[in-house]
Amino acid sequence: MYQVSRSTHSNTLTGWREWVSLPDLGVDWIKAKIDTGARTSSLHAFDINEFEREGEAWVRFRVKPWQDSQEDAVVVECPVHDRRAVRSSSGHAQQRIVVRLRIRLVDRESLAEVTLSNRDEMGFRMLIGREALRRGYIIDPARSFLGGRAPREARRRNRGRE
């Protein structure tokens with residue numbers, strides 16, 4: 001006889017793409033793809049520079065929250081959490097810096113490990129992987145933006161319009 005236990009996690013419904021925020025970075029809106037095929041989350045970062053602060057490894061990088069715009073780029077400094085070899089969807093392995101960031105997704109905040117990578121050629125500035133989702137998210141692949149849409153101004157900026 002099998003015994004089924006109840007989950008202690010919530011069951012927050014999310015679509016295959018969502019507007020998320022990164023509160024510690026001051027990024028209120030960034031469009032993300034929800035990707036259960038990816039283990040770790042990934043954020044588009046550029047001008048990545050590692051440095052040392054009080055004997056610890058840190059990283060400074062810039063984030064462009066809008067897909068087709070250079071506006072509102074944010075400079076971020078945070079501790080390096082880890083370094084990992086990550087295999088892209090094309091099969092190419094790359095060493096990436098991992099940081100820990102708070103992510104607000106569908107009105108819930110969680111701390112997630114996020115790799116820094118160049119996602120210029122990708123359709124989304126951020127990818128939310130299954131490690132960030134395992135604490136109680138249910139994904140409906142037929143739906144989008146269940147956490148609500150960004151304000152019109154943010155959506156226009158994301159498309160490169162002002």
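The values are calculated or read from the model by the stated rules, or taken from the named source; none is laboratory data. None of these values were measured; they are calculated from a predicted model. For neighbour counting, all protein chains shown are included, and Cβ atoms are generated from backbone atoms with ideal geometry for every residue, glycine included. Please note that ligands, DNA and RNA were not included when accessible areas were found on the heavy atoms of the full protein model with its side chains. Shrake-Rupley method; radii C 1.70, N 1.55, O 1.52, S 1.80 Å.
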Estimated inter-spin distance, residue 107 and residue 81, nm [label 7 Å along Cα→Cβ]: 2.5
Local net charge near residue 51, Cβ-Cβ under 12 Å (Lys/Arg +1, Asp/Glu -1): -3
Computed over segment 75-153: relative contact order in percent, which uses C-alpha pairs under 8 Å that are six or more apart: 20
In sequence order, calculated HN-Hα J values of segment 137-152 (Karplus, 6.51, -1.76, 1.60; Hz; x Gly/Pro): 9, 10, 9, 9, x, 8, 10, 9, 6, 5, x, x, 8, 5, x, 3
Fraction of accessible area attributable to carbon and sulfur, segment 5-162 (%, probe 1.4 Å): 42
Computed [θ] at 222 nm, helices only, for the chain once each DSSP H run of length n ≥ 4 contributes -39500 (n - 2.57): -1500 deg cm²/dmol
Hypothetical label at residue 122: residues of segment 33-54 whose amide nitrogen lies under 16 Å (7 Å Cα-Cβ projection): 33-48
Net charge, residue 77 excluded, C-beta distance under 10 Å - Lys, Arg +1, Asp, Glu -1: +2
Percent of Cα-Cα distances greater than 18 Å, calculated over segment 75-152: 52
Per residue, in Å², the accessible surface of the chain once ligands and nucleic acids are set aside, probe 1.4 Å: 60
Computed FRET value (nearest 0.05) for residue 90 with residue 149, which takes r as the C-beta separation and R₀ as 35 Å: 0.70
Net charge, residue 148 excluded, C-beta distance under 10 Å - Lys, Arg +1, Asp, Glu -1: -1
Computed over the chain: relative contact order in percent, which uses C-alpha pairs under 8 Å that are six or more apart: 35
P(r), alpha carbons of the chain - 10 Å bins starting at zero, rounded %: 10, 39, 34, 13, 3, 1, 0
3J(HN,Hα) from dihedral phi, segment 106-113, Karplus parametrisation 6.51/-1.76/1.60, rounded to Hz, x for glycine, proline: 6, 6, 10, 9, 8, 8, 10, 7
